[in-house]
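Just below is one structure, and these are the notes that go with it.
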Amino acid sequence: MAAPGKASVVLKTVKKVVVQFCPFESNVRSTREFLALVGSEKARSSNINCEVTCTVKHDKSEPVVDVTYVDGERLVMKGAGLTCREMLSAFQSRCTDKDPQTKGAAAK
């Protein structure tokens with residue numbers, strides 16, 4: 001599984017990422033690619049307190065990514081109809097909105 005665009009993932013504003021999927025379904029590729037990105041050593045080193053968990057099910061359930069931010073807000077993405085790039089874009093735009101350092105840099 002190749003990371004699309006080799007985008008760097010920063011988990012600074014994220015408290016927890018929970019990924020759930022059934023590996024025997026055909027629509028889980030994008031969810032597994034997203035898991036590979038947020039579970040990478042580089043991404044996890046951006047916030048050592050962020051909990052990244054994966055639940056592999058065998059019940060033909062829909063792939064789901066549930067992100068909890070430090071302010072309590074949640075982002076739930078159903079991976080069956082999304083590409084990894086779309087999930088990463090939604091995830092990173094929320095992270096950027098919540099990070100005061102990136103807001104300050106954008107204002108300058």
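Residue-by-condition table, conditions (1) assigned to a helix (DSSP H, G or I); (2) at pLDDT below 95; (3) of a type outside the set (A, V, I, L, M, F, W, C); (4) crowded, with 16+ Cβ neighbours inside 10 Å:
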| site | (1), (2), (3), (4) |
| --- | --- |
| Asn27 | no, yes, yes, no |
| Asn47 | no, yes, yes, yes |
| Cys54 | no, no, no, no |
| His58 | no, yes, yes, no |
| Ser61 | no, yes, yes, no |
| Val65 | no, no, no, yes |
| Thr68 | no, no, yes, yes |
| Asp71 | no, yes, yes, no |
| Ser93 | yes, yes, yes, no |
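Please find, within segment 73-84, the residue that is least open to solvent (accessible area, probe 1.4 Å) out of those that are farther than 17 Å from Val17 by Cβ and part of a helix (DSSP H, G or I).
Among those residues, the one meeting the criterion is Ala80.
The values are calculated or read from the model by the stated rules, or taken from the named source; none is laboratory data. Everything numeric in this text was worked out from a predicted model, so none of it was measured. Don't worry about glycine lacking a Cβ; one is built from the backbone with ideal geometry, like all the others, and counts go over all protein chains shown. Accessible surface is based on the protein model in full, side chains and every heavy atom, while ligands, DNA and RNA are left aside. Shrake-Rupley method; radii C 1.70, N 1.55, O 1.52, S 1.80 Å.
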